[in-house]
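The values are calculated or read from the model by the stated rules, or taken from the named source; none is laboratory data. As the structure is a prediction and not an experimental result, all values here were calculated from the model. Don't worry about glycine lacking a Cβ; one is built from the backbone with ideal geometry, like all the others, and counts go over all protein chains shown. Side chains included, ligands, DNA and RNA excluded: accessible areas come from the protein's heavy atoms. Shrake-Rupley method; radii C 1.70, N 1.55, O 1.52, S 1.80 Å.
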Amino acid sequence: SAFAGAGPAEGRLRVRASQLGLVDALLASHEGVAWADRALDVRNRLRGFEGIAAADAPASFAGTLRGYQRLGLGWLRFLQELDLGGCLADDMGLGKTVTVLALLEARRTEKGGAPRASLVVAPRSLLFNWKREAERFAPALRVAEYHGSGRDEVLTSLDQFALVLTTY
């Protein structure tokens, strides 16, 4: 989502949340720069950043996260609060799937169970694992698997599912 503002001709700049840090750095030496509303909040949170707090999985999550997974969940929650994208990456086998499922389950419970789709794009060879892990750790998530020509159906039915699996 973009932050509100007029065009450059009016002396205002409209930027996406993901561009805010770069724009802040570029404008750091300019005097008289004013930040509006949401942009000011995000800028101040980024400037005051002191670290990520570990987050607990919701009570409805059927599992226990390890310490580093709780930190990963905290990182994902921090990005979500700021409407920023990011990447959760570590060595294979350390539980990224489970960490993301904890985030998706938290999002589901926060919306009171109302449909809120999320799209997981994964190699076809991992779809079975994602579905199995979702059933085990977040059984309330509705999962739909799309691959091959079925991927086109994602656009029409995305809002009906908490998690949609597709391949790249």
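Miscellaneous remarks
- The heavy atoms of TRP75 offer some 80 square angstrom of accessible surface to a 1.4 angstrom probe.
- Computed with a 1.4 Å probe on the full set of protein chains, the accessible area for LEU84 sits at about 40 Å².
- Length added when fully stretched, SER125-LEU46, from 0.36 nm per residue minus Cα-Cα: 24.7 nm
- Computed from the Cβ-Cβ distance with R0 of 35 Å, the FRET efficiency linking HIS147 to ALA53 stands at 0.40.
- The candidates GLU145, GLU105, GLU81, arranged from most to least accessible area with a 1.4 Å probe in the full protein assembly, appear as GLU81, GLU145, GLU105.
- Rounded to the nearest 10 Å², the accessible area of PHE128 at probe 1.4 Å: 140 Å²
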